[in-house]
Amino acid sequence: MHEGQNPSVWVKRCSELLRPESSVLDLACGSGRHARYFADQGHDVTALDKNPEALSKISSLPRIHTVEYDLEMAPWPFADRTYDAILVTNYLYRPILENIVDTLSPSGILIYETFMLGNERFGRPSNPDFLLRPNELIDVTYKKLHILIYEAGRISSPKPALVQRVCAVSGNSDYSEVAFLDE
């Protein structure tokens with residue numbers, strides 16, 4: 001699903017819901033394509049990744065604060081913090097899914113997009129530990145968040161893959177009239 005330095009179509013679509021100057025957490029940010037995108041939109045971004053080389057490419061950019069951290073080897077680093085938006089693309093580590101939801105501000109937006117079971121026929125990732133089960137993003141989010149948009153299935157661009165995507169908001173959000181039917 002990587003599109004070089006261009007943001008994901010899903011992320012761009014859902015990012016329209018953010019209020020101006022939101023605080024955004026980009027988890028497992030990799031090269032920072034989404035951190036750059038959100039910073040360019042005027043948001044304050046915390047970009048987290050375990051790869052210092054990847055982070056060094058965005059660490060001097062305005063509105064981006066980088067955090068070198070391995071989410072799979074240490075406790076959740078944001079227990080005392082909330083964000084207006086949390087973004088996760090192409091990454092799955094199940095033990096932190098609940099932490100992600102709990103780290104949203106009372107009017108926060110979760111934008112999540114990653115691979116699902118069946119993707120193995122298209123290539124990597126193919127390990128079931130890194131592939132969402134059917135409806136897994138719904139199962140993780142529906143108890144605490146209001147799901148605005150959910151998609152699951154095959155995409156063809158930028159490469160064939162099977163993905164799940166969710167855009168969900170905290171219970172105190174006023175997005176009940178949101179619809180993306182004119183795409």
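Every read-out reported here was derived from the displayed coordinates using simple, explicitly stated rules and does not represent laboratory data. What you are looking at is a predicted structure, and each value in this text was computed from that prediction instead of being measured. Because the Cβ atoms are built from the backbone with ideal geometry, glycine has one as well, and the counts that use them run over all protein chains shown.
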Reduced to Cα centres, the span from segment 91-112 to segment 15-35 in Å works out to 13
Contour minus Cα-Cα span, HIS146 to HIS65, at 0.36 nm per residue, comes to 26.3 nm
Per the helix-only model, the chain has a calculated mean residue ellipticity at 222 nm (DSSP H runs of ≥4, -39500 (n - 2.57) each, divided over all residues, rounded to the nearest 500) of -4000 deg cm²/dmol
Here, trypsin sites (Lys or Arg not before Pro) of segment 104-150 satisfying both criteria (DSSP loop; at most 10 other Cβ within 10 Å) are LYS143
With the label point 7 Å along the Cα-to-beta-carbon line of ARG124 and a cut-off under 20 Å to each amide N, the hits in segment 70-101 are 70-73, 89-94
Here the relative contact order (percent) of segment 9-170, from C-alpha pairs under 8 Å and at least 6 apart, is 18
Under 5 Å from the placed amide H of CYS29, counting only residues 5+ away or on other chains, we find LEU48, ASP49
For the chain, percent of DSSP beta bridges that are antiparallel (nearest 5) comes out at 45
ASP40 and LYS12 label points (each 7 Å along its Cα→Cβ direction) are spaced in nm at 0.9
The size of the Cβ-based charge dipole (Lys, Arg +1; Asp, Glu -1) of the chain about the Cα centre, to the nearest 20 debye, is 420
When SER59, SER23, SER15, SER156 are arranged by how many other beta-carbons sit within 10 Å of their Cβ, fewest first, they go SER156, SER59, SER23, SER15
